[in-house]
1. Conditions: (1) within 17 Å of residue 122 (Cβ to Cβ); (2) buried (at least 23 other Cβ atoms within 10 Å of the Cβ). Residue 150 meets all but one. Number of the miss?
2. Determine which member of the set 155, 187 is without any contact (Cβ under 8 Å) to a residue 60 or more places away in the chain and either in a loop (DSSP other than H, G, I, E, B) or not acidic (Asp, Glu) (or both).
3. I need every pair where a residue in segment 77-104 that is in contact (Cβ under 8 Å) with a residue 12 or more places away in the chain has its Cβ under 6 Å from the Cβ of a residue that is of a type in the set (Asp, Glu) and not in a strand (DSSP E or B), sequence separation at least 6 or different chains.
4. Give segment 77-100 a look and list any residue that's in contact with a Ser or Thr (Cβ under 7 Å, 6 or more places away or on another chain) and part of a strand (DSSP E or B), or say none.
5. Identify the single condition in (1) at pLDDT below 95; (2) loosely packed, with under 14 Cβ neighbours inside 10 Å; (3) of a type in the set (Asp, Glu) that residue 116 does not satisfy, given that it satisfies every other one.
6. Taking into account only those residues within segment 231-275 that are without any contact (Cβ under 8 Å) to a residue 60 or more places away in the chain, aliphatic (A, V, I, L, M) and under 18 Å from residue 13 (Cα atoms), which is surrounded by the most Cβ atoms within 10 Å (Cβ to Cβ)?
7. Can you name every residue in segment 91-108 that is more than 12 Å from residue 244 (Cα to Cα) and open to solvent by 10 Å² or more (accessible area, probe 1.4 Å)?
8. Quick test of your reading of the structure: residue 205 fulfils all but one of (1) open to solvent by less than 30 Å² (accessible area, probe 1.4 Å); (2) in a loop (DSSP other than H, G, I, E, B); (3) closer than 13 Å to residue 235 by Cβ. Name the failing condition by number.
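The values are calculated or read from the model by the stated rules, or taken from the named source; none is laboratory data. From a predicted model like this one, the values you see are computed outputs, not experimental measurements. Backbone-built Cβ (ideal geometry, glycine too); neighbour counts: all protein chains shown. All accessible areas refer to the heavy atoms of the entire protein, side chains included, with ligands and DNA or RNA removed. Shrake-Rupley method; radii C 1.70, N 1.55, O 1.52, S 1.80 Å.
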Amino acid sequence: MQHSYKYIILGGGMAGANAAMEIRKYDREGTLLIVTQETDKPYYRPPLSKEFWTEPDYPKETIYYNISDDESIDFLTGTTVKKINADQQTIEIESGEIYQYEKLLYAPGGAPKWIDGLESERVLALRNLEDYRNLRKLAKPRSKVIIVGGGWVGAEIAAGLKLNDMDVTLVFPNEILNEKRLPLMLAKKFQQRFVDIGVSLINNAYADSYKVEDDQVSLKLENGAVLKADILVVGIGLKPNVELAEEAGLEVGNGVIADKYLQTSNKHIYAAGDVLNYPDVIIGRNRFEHEEQAEYSGKVAGRNMTGAEEVYSHGAPLSYTDVLDISIEGVGEMSRNRDDAIIEEVAGGYIVYYLFKGKPSGILTYNVKVDMDKAREILVNPPKTLDELTGMLKPI
């Protein structure tokens, strides 16, 4: 059986939701279908690792986008797309049904990188609501939890579970927690807060494999050590879901390649969200896995699908974390693998200017709020001398 829609969105995440909302602003009549593997309709994801664990009264129902109740939008939830036939402008789902489109948004996000081991409900990556529900069901006070991965999400989950009276061990590959993103002085401060609340830290460690026996998870590290817990949470990164795009003949390479309008190598197909590889107007071609990137790219792709020709000009998407009493925001390239960094202490916090070839390549704030649009302007038009950077950003 074949169905026909003006717009089809593959992926029910934040990028797909924002695209759908923009399409409805500019085209109220065009038929619109969202296809997602999740059983839930689109929702806002950051609270899964943040407020759901730190704010007992957080209204969980508010995470759903209002498009969930829009009767002009059709949904196929719990549905896997088997194939995109770009020449015929159709998609085929697992049941064999065919859906035709005029414009398609490719926004399926990514799949979590994994560790060798058999599937178990006690081993999960906190990527969606179903993962959260599973973790909430299993995670009780005094439960032993191992978290592998020391990025923002891993750190947030570690802190949240510890604050819920669990025995938490965080395994990460570096000497100091988040030392690849934070200057060493700030990385040490960041790590100390986890020590203060009693999170067990295992540094310079890589996970090798796991097995589950009698409701216990055994995690083997590459150095031969074995850790045991009730639950294992894997947070070692994301692999963009490019397989369908590649099979359809789209250009791929660290994501799906798109132009400044977020149009792929096929003029009828756009890309947005975690899978999008695009020419960032500030730092050049790149792919980001951040909330702001999903929202902004989804909106621009949605508008362009309705006929606009808008350049995606929101450069250097914001990345952030709020964990314990620490608030961090950053734009641009943030890595200690740079020539140097200028650290400015201001208003009880810090502003970090990462440098590359003598110019600011990224800006990060630690426990101080500044205008991040102004930070982006500095990356685009840096001052003539590095001495002028200090004081350019004011606390707000």
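1. (1)
2. Values: 155 fails: without any contact (Cβ under 8 Å) to a residue 60 or more places away in the chain.
Answer to the selection: 187.
3. Listed by first residue and then by second, the contacts come to 80/94; 82/94.
4. Result: 93, 98, 99, 100.
5. (1)
6. Here is the first cut: in segment 231-275, the ones without any contact (Cβ under 8 Å) to a residue 60 or more places away in the chain are 242-243, 246, 251-255, 257-263, 265, 267.
When the remaining residues are screened for being aliphatic (A, V, I, L, M), the result is 242, 252, 257-258, 262.
Subsequent filtering for residues that are under 18 Å from residue 13 (Cα atoms) retains 242, 262.
Values: 242: 21, 262: 26.
My answer is 262.
7. Of the residues in segment 91-108, the ones more than 12 Å from residue 244 (Cα to Cα) are 94-105.
Listed by number, the residues that qualify are 94, 95, 96, 97, 98, 99, 100, 102, 103.
8. Single failed check for residue 205: (3).
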